[in-house]
């Protein structure tokens, strides 16, 4: 009987600790905010707010740092006064993610994705009637049909291809000058992650993947909110001649370890040379492509000579 009591007590103690942990309390509170309009209204009176205009976040520059001011509900200003009063500017999100620190970048990305989703889902796809968002903005409802719409993300893969001693990076026409990154593409209906990686590598650079492995994932707000599933892929060195798809890429090339390590030291916008060309540089630390590249460098430098 004592053994049974101890087992029950331990399970109860474990449950008590979990329910009162900081993370669990936070997640349950956030879930309540999404569903309880009255609780959300109450929270708004003491909450802090990020400012956006035309999907661009407001940033303040303090010295060499860029900060995201968080205003209270009572700190509202007319749009024309905001930039001069708060000594900042509304900045394109792509540029903002390069300069803000790690705690702000995911919040800005999530906020802009939610704003974009609301802007493009104002009408029910079945009835054509206007939809209404709840106070928290966590869903939209068509009262004519009763359909509830929730924000969604599109799954996409981002893949660092290697032939063992080099890694392959590419440029899309929309990239900033000089920036190279990993290959990426959306998952097709019916595909799993492995199939998407193999297809994208074959389509974009004409190489056949021999093996691949998962690294991590990241929400990314471009082009309209996707879940990036980051992977490494290996191809044969003997069959590593690139056949680039010019409809999707502007350039694709192999990089040696020394080139990658030099490129990681360069800051965005600092790689322009006297002749007008740009030295290669790579996505910032906030981007999962940066993590893939650093993982590859670590793997190369840890190998025995």
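Bear in mind that the values in this text are calculations on the coordinates, not laboratory data. Predicted model only: the values in this text are computed from it and were never measured. Here the Cβ positions follow ideal geometry from the backbone for every residue, glycine too, while neighbour counts run over all protein chains shown.
Pop the C-beta distance of residue 237 and residue 273 into the FRET formula with R0 = 30 Å and round what comes out to the nearest 0.05. Intermediate values should be presented prior to the final figure.
On the way: r = 31 Å, r/R0 = 1.02.
Once the sixth-power term is evaluated, E becomes 0.45.
Taking the Cβ of each residue in 22, 127 as the centre, tally the other Cβ atoms inside 10 Å and list the residues starting with the fewest. Let's see the in-between values first.
Working: 22 7, 127 14.
Neighbour counts put them in this order, fewest first: 22, 127.
Compute the separation of the alpha-carbon centres of region 117-133 and region 171-234 and state it in Å as a whole number.
First find each Cα centre; the distance between them is then 31 Å.
How big is the convex hull of the Cα atoms of region 154-301, per residue, in Å³? List each step's numbers first, then the result.
On the way: hull volume 17.0 nm³, N = 148.
Spread over its residues, the Cα hull of region 154-301 gives 115 Å³ apiece.
Between helix 105-120 and the chain, what is the angle of the helix's C-alpha long axis to the longest principal axis, kept within 0 to 90° and rounded to the nearest 10?
With both axes taken from Cα atoms, the answer is about 70 degrees.
Can you give the % of DSSP beta bridges in the chain that are antiparallel, to the nearest 5? Show your work: numbers first, answer last.
On the way: 38 of 48 bridges.
DSSP beta bridges in the chain are roughly 80 percent antiparallel.
Out of all DSSP beta bridges in region 154-301, what portion is antiparallel? Express it as a percent rounded to 5.
Working: 23 of 33 bridges.
In region 154-301, DSSP labels about 70 percent of beta bridges as antiparallel.
What is the distance in Å between the Cα centres of region 42-66 and region 250-289?
30 Å
I'd like the Kirkwood hydrodynamic radius of region 246-305, using the inverse of the mean 1/r over distinct C-alpha pairs, in Å.
Values: mean 1/r = 0.0761 Å⁻¹.
Taking the inverse mean of 1/r over all distinct Cα pairs, region 246-305 comes out at 13.1 Å.
Please compute the Cα-Cα pair-distance distribution of region 48-196 with 10 Å bins starting at 0, giving whole percents from short to long.
Calculated P(r), rounded to whole percents: 9, 25, 30, 24, 10, 2.
Calculate how steeply helix 193-205 sits against the longest principal axis of the alpha-carbon atoms of the chain, using the helix alpha-carbon long axis, and give the answer as 0 to 90 degrees to the nearest 10.
Once rounded, one gets 40 degrees.
Measure nothing but the geometry: give the 0 to 90° angle between the long axis through the Cα atoms of 288-301 and the longest principal axis through the Cα atoms of the chain, rounded to 10°.
Taking Cα atoms only, the helix is inclined about 50 degrees.
Quick check on the exposure proxy: order 265, 133 from fewest to most C-beta atoms within 10 angstrom. Walk me through the numbers before you get to the answer.
Values: 265 9, 133 16.
Sorted ascending by nearby Cβ count, the order is 265, 133.
Roughly how many nanometres apart are two label points built 7 Å out from the Cα toward the Cβ at residue 174 and residue 132?
So the two model labels end up 3.5 nm from each other.
Only one of the listed values, [x] 23.7, 84; [y] 19.1, 62; [z] 18.6, 55, was derived from the coordinates as Rg and Dmax of the Cα atoms in Å; which label is it?
Step by step, Rg and Dmax of the Cα atoms in Å for this structure corresponds to label [x].
Report, in deg cm²/dmol and to the nearest 500, the calculated mean residue ellipticity at 222 nm for the chain, where each DSSP H run with n ≥ 4 adds -39500 (n - 2.57) and the sum is divided by the residue count. If you can, show how the numbers build up before the last one.
Values: 9 runs with 107 residues, N = 305.
Result for the chain, helices only: -11000 deg cm²/dmol.
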